[in-house]
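Participant: Have a look at this one.
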Amino acid sequence: MKFRVEDMSCGHCTAAIEKAVAEAGGRAAADLAARSVTVEGLDPARAAAVIREAGYTPEPA
């Protein structure tokens, strides 16, 4: 699933999101230029919760 994350603004942000998703058992690929994150291996609600817990605001893309 893909999320739009407008408040992701730097390499640290992408790394923090990718790490949080990995720790939850999924895989994430963050695209800073597009301000989007693609998540595999987690259901959509869990993926969104993990991104929120990392301090960001995911919106379905």
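Participant: Could you size up the charge dipole of the chain around its Cα centre, putting +1 on the beta carbon of Lys and Arg and -1 on that of Asp and Glu, and report it in debye to the nearest 20?
Facilitator: Numbers: 7 positive and 9 negative charges, 10 e Å.
So the dipole magnitude of the chain works out to roughly 40 debye.
Participant: Could you list which residues have their amide H under 5 Å from that of Leu42, counting only those 5 or more apart in sequence or on another chain, with H placed in the peptide plane?
Facilitator: Sorted by chain and number, the residues that satisfy this are Arg27.
Participant: Could you work out which residue, out of Gly26, Gly41, Gly11, moves most in a Gaussian network model of the chain, that is, has the largest mean-square fluctuation with Cα springs under 10 Å?
Facilitator: Gly11
Participant: Related question: Rounded to the nearest 500 deg cm²/dmol, what is the calculated helix-only ellipticity per residue at 222 nm for the chain, with -39500 (n - 2.57) per DSSP H run of length n ≥ 4? Intermediate values should be presented prior to the final figure.
Facilitator: On the way: 2 runs with 23 residues, N = 61.
One gets -11500 deg cm²/dmol as the mean residue ellipticity at 222 nm.
Participant: While we're looking at this one, here's another question. Return one number: the angle in degrees, 0 to 90 and rounded to the nearest 10, between the long axis of the Cα atoms of helix 44-53 and the longest principal axis of the Cα atoms of the chain.
Facilitator: Taking Cα atoms only, the helix is inclined about 50 degrees.
Participant: At a threshold of 8 angstrom on Cα-Cα distance, excluding pairs fewer than six apart, so keeping six or more, what relative contact order does the chain reach in percent? Mind dumping the intermediate values first?
Facilitator: On the way: 97 pairs, mean separation 27.5, N = 61.
This gives 45 percent for the chain.
Participant: Let me ask another. Against the longest principal axis of the chain, how steep is helix 11-23, in degrees 0 to 90 to the nearest 10, with axes from Cα atoms?
Facilitator: 0 degrees
Participant: Plugging the Kirkwood radius over Cα pairs into Stokes-Einstein for the chain, at a temperature of 37 °C and a viscosity of 0.692 mPa s, what D comes out in µm²/s? If you can, show how the numbers build up before the last one.
Facilitator: Values: Rh = 10.8 Å.
It comes out at roughly 305 µm²/s.
Participant: Next question, about the same structure. When the accessible area of the chain is computed with all protein chains present and a 1.4 Å probe, what percentage of it is carbon and sulfur? Walk me through the numbers on the way to the answer.
Facilitator: Numbers: 1770 of 3410 Å².
So the carbon and sulfur contribution to the accessible surface is 52 percent.
Participant: Provide the per-residue ³J(HN,Hα) series for segment 27-40, in order, calculated from phi with Karplus coefficients 6.51, -1.76, 1.60 and θ = phi - 60°, each as a whole number of Hz, with x at glycine and proline positions.
Facilitator: In residue order, the calculated couplings are 10, 10, 10, 9, 10, 4, 4, 8, 6, 9, 9, 9, 10, 10 Hz.
The values are calculated or read from the model by the stated rules, or taken from the named source; none is laboratory data. Computed from a predicted structure; not experimentally measured. Please note: Cβ atoms are built from the backbone with ideal geometry, for glycine as well, and neighbour counts cover all protein chains shown. Each accessible area value is taken on the protein alone, full model and side chains, heavy atoms only, with ligands, DNA and RNA left out. Shrake-Rupley method; radii C 1.70, N 1.55, O 1.52, S 1.80 Å.
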